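A.B. asks: This structure is in structure tokens; I'll ask about it shortly.
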Amino acid sequence: MAKLSLDDLRKLRDEKRQALEMRETENKTVQIIVGMGTSGIAAGAKQTLSAFVNYLQEYNLTNVSLRQTGSIGLDHAEPVVEVRMTGMPNIIYGKVDTGVAKQIIERHILGKELVDEHVFDRPAPDIVEGV
Amino acid sequence: MHAEIGDFIVEILQNAVESGGRHIRLDIFQTPDSFEFQIQDNGKGMSQSIQDRALDPFYSDGFKHPGRRVGLGLPFLKQALEAIGGEFTLESTEGMGTQVRAKFPLNHVDTPPVGSLSLTLLTCIAFPGEHELIITRTCSDPAIEYRILRSEILDAAGPLEEPGTLGLIREYVESQEDEHG
């Protein structure tokens, strides 16, 4: 791969933005938040984040924003991922590896059904405040 | 314990972001025999007594991290390096900032693999916040050298919350690393 310059990156972004604007019929944004605390990192949260980047590209999901945060609190169930979207409750999924990431995309985001086996709800309020 | 050296980098970098530092530097030097990283921030820093306790895995002040109460980053790193004859230094001045340096010998049987550096750097860049992060990466064999400014790459690739930004950043870093070359 040739080294990309920052200008190349700008061009790529503009191309992708144009594609997005053409398709943007409804402005409903989905948020995927990956927990990146010590235990999340140890459990492979970087790989989970990267898997989501891949699947968002593969499925051409341009209305999904992907971000990372510190620990969400469910350390026994790392990597932990929260999904927020209209029409669905905010859900915290646990033990999200590459395969589960794919299920979240296919079943939760596209199919609007929960990936039951991985729902871990919310952490206890004394662990995370103000979430 | 962390599986890759990259995990330690992400962890210590997160500390720097959470320290309130506006300027963070991540320098990575690699030779065939060693992998060294240094993370420097101008955040709140730690007094000597807090530094001592920060290396104790059972210590937390209960509020050092927003949103969580414990932290194992520094103790894990120190322990991992002691086990393989690496080097670890922690320098911090209250109100001035903190600097962590870690050098992993790559020829020790228990040294964790470096892992995908582009994924590590993507994660480092993607921590939310308004801080500047300057990454320099030098590797002697194969010869790799580049520098990334977080503000510049976000300006080019788009804000973090914009769909697709993380994919673009990963592509950019991969091309600097030439990981698929």
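The values are calculated or read from the model by the stated rules, or taken from the named source; none is laboratory data. The model shown is predicted, which means the values in this text are computed figures rather than measured ones. Methodologically, a virtual Cβ is constructed for each residue, glycine included, from the backbone with ideal geometry; neighbour enumeration extends over all protein chains shown. Areas reflect the complete protein model, heavy atoms only, side chains present, ligands, DNA and RNA absent. Shrake-Rupley method; radii C 1.70, N 1.55, O 1.52, S 1.80 Å.
A.B. asks: Please report Rg over Rh for the protein assembly as shown, where both radii come from the alpha carbon positions and Rh follows the Kirkwood definition.
C.D. replies: On the way: Rg = 19.4 Å, Rh = 20.2 Å.
That ratio equals 0.96.
A.B. asks: Which value in Å does the Kirkwood hydrodynamic radius of region B:5-180 take, with 1/r averaged over all unlike C-alpha pairs and then inverted?
C.D. replies: Working: mean 1/r = 0.0596 Å⁻¹.
Hydrodynamic radius (Kirkwood, Cα pairs) of region B:5-180 is 16.8 Å.
A.B. asks: Let me ask another. I'd like the interface area for chains A and B: accessible area of each alone minus the complex, both sides summed, 1.4 Å probe, protein heavy atoms only. What is it in Å² to the nearest 100?
C.D. replies: In total, this chain pair buries about 3500 Å².
A.B. asks: Something else now. Which listed residue (B:48, B:24, B:38) has the Cα farthest towards the positive end of the charge dipole for region B:22-61, taking +1 on Lys and Arg C-beta and -1 on Asp and Glu C-beta about the Cα centre?
C.D. replies: Final value for the positive-end residue is B:24.
A.B. asks: Placing unit charges on C-beta atoms (Lys and Arg positive, Asp and Glu negative, everything else neutral), compute the dipole magnitude of the protein assembly as shown about its Cα centre in debye, rounded to 20.
C.D. replies: Its charge dipole is roughly 500 debye.
A.B. asks: Kindly tabulate the residues in region A:1-18 with an accessible-area decrease of at least 40 Å² between the chain alone and the assembly of all protein chains, using a probe of 1.4 Å.
C.D. replies: Hits at the 40 Å² cut-off: A:1, A:3, A:4, A:6, A:9, A:10, A:13.
A.B. asks: Shape verdict for region B:1-46, please, from the Cα gyration tensor: rounded (a/c under 1.5), prolate (a/b greater than b/c) or oblate. Present the calculation step by step, with values, prior to reporting the outcome.
C.D. replies: Values: a/c = 3.27, a/b = 1.69, b/c = 1.94.
The shape class here is oblate.
A.B. asks: With every protein chain kept in place and ligands, DNA and RNA left out, what is the accessible area per residue of region B:5-180? Probe 1.4 Å, answer in Å².
C.D. replies: Per-residue value: 42 Å².
A.B. asks: Which residue, B:134, A:52, B:160, has the largest displacement toward the positive end of the dipole of the protein assembly as shown when charges sit on each Cβ (Lys, Arg +1; Asp, Glu -1)?
C.D. replies: B:160
A.B. asks: With contacts defined as alpha carbon pairs under 8 Å and 6 or more residues apart, what's the relative contact order of chain B in percent?
C.D. replies: Computed value for chain B: 26 percent relative contact order.
A.B. asks: Through the Karplus equation 6.51 cos²θ - 1.76 cosθ + 1.60, θ set to phi - 60°, convert the phi angles of region B:20-29 into ³J(HN,Hα) values in whole Hz; use x for Gly and Pro.
C.D. replies: Working through the residues one at a time gives x, x, 8, 10, 10, 10, 10, 10, 10, 10 Hz.
A.B. asks: Within straight cross-link reach of residue A:3, meaning Cα distance under 25 Å, which lysines are found once same-chain residues fewer than 8 apart are removed?
C.D. replies: Filter leaves A:11, A:16, A:46.
A.B. asks: Could you derive backbone 3J(HN,Hα) for region A:71-77 from the dihedral phi with the Karplus parameters 6.51, -1.76 and 1.60 (θ = phi - 60°), listing whole Hz in sequence and x where the residue is Gly or Pro?
C.D. replies: Running phi through 6.51 cos²θ - 1.76 cosθ + 1.60 with θ = phi - 60° gives 5, 7, x, 8, 5, 6, 10 Hz.
A.B. asks: How big is the antiparallel share of DSSP beta bridges in the protein assembly as shown, given as a percent to the nearest 5?
C.D. replies: Values: 37 of 51 bridges.
Antiparallel bridges: around 75 percent, rounded to the nearest 5.
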